[in-house]
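Report on one structure; see the data block that follows.
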Amino acid sequence: MKQAFLSIVIVLNSLAGLFSQSFFFGIKGGSSIGYQKWETFNQKPVATYHVATFIESYSEDNPLNVLYAQLGYHNRGSSLRNAIGITIYNEYYRLPTRNFLFHNISLGLGAKRKQDINDYLRSFYSFGLRGEYTLNTNLSKYSYLNQRMSNLYYPDDIFVKKWTYGASIGGGLEYMFSELVEGLFEITINPDLSNQYDQPQLGSIIDPYHPGNTTTVPRRRIKNTTVEITIGIRFMRKVEYID
């Protein structure tokens, strides 16, 4: 944890050099709603969370157009609800809800366009690109089900794509508490442009419901789409020159 924190500080300090000497920095976080499509069928959303630290450029000559960089921890994923299982005696039953989570570190770069509403409140919209690395998942908890129910085949860690990338599109509000401190509220939609998971077609899998027979598991590719509802606080590092 300490090494991860130091890495974040180093990256943010390096990015700060790209901006003017006056800039905003802060921390934000909130709720996430994750959604995935599993090749041939749609999953249900899963509720989770995210947290990030960020910096934004600032120019007195053009304060409404800014560049931003952010580094954060984001959960991606989906859930399986109301699925129906079948026993070896051909009896149907309802499966419990199962969540599939991918815990990602994300680095995003983008731009914002702001609009003053009054002296204390402004709105904004934003667009950015992000790259992500998957630290871990919760897929190992379903390994025993893959062994018992091979024809269903839940996602497995071996087919997780560690590096992914995507876009971030959003908007929100900023409220000025003072000259150097502001509050932040935003909603973003974060679609992935690459696969989080890519499992090839698997043949000759033993069919647990028909002993002595085999079945084929079709290819499965998974992309994330996440809606994030965020609150945060921003601080200005303001440099003034005195003659």
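At a glance:
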| quantity | calculated |
| --- | --- |
| Mean Cβ neighbour count within 10 Å, used as a protection proxy, ranking 176-186, 64-74 highest first | 64-74, 176-186 |
| Leu180 versus Phe41: modelled label distance in nm, points set 7 Å from Cα along the beta carbon direction | 5.7 |
| Segments 162-171, 219-228 sorted - mean Cβ within 10 Å per residue, highest first | 219-228, 162-171 |
| Full-stretch length increase - Ser194, Lys162 - with 0.36 nm per residue and alpha-carbon distance subtracted | 10.4 nm |
| Pairwise label distance in nanometres, Ser140 with Asn65, each label 7 Å out on the Cα-Cβ vector | 5.0 |
| Theoretical FRET efficiency, 1/(1+(r/R0)^6), r = Cβ-Cβ of Thr216 and Ile187, R0 51 Å, to 0.05 | 0.75 |
| Unsatisfied cross-links (Cα-Cα over 28 Å) in the set Lys114/Lys162; Lys44/Lys141; Lys44/Lys112; Lys28/Lys141; Lys37/Lys114; Lys112/Lys161 | Lys114/Lys162; Lys44/Lys112; Lys28/Lys141; Lys37/Lys114; Lys112/Lys161 |
| Rule-of-thumb Rg ratio for the stretch 99-192 [Cα; 2.2 N^0.38 Å; N residues] | 1.60 |
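Read-outs: derived from the displayed coordinates by stated rules, not from any lab. What you see is a predicted model; the values in this text were computed from it and never measured. Quick reminder, even Gly has a Cβ in these numbers, built from the backbone with ideal geometry, and neighbours come from all protein chains shown.
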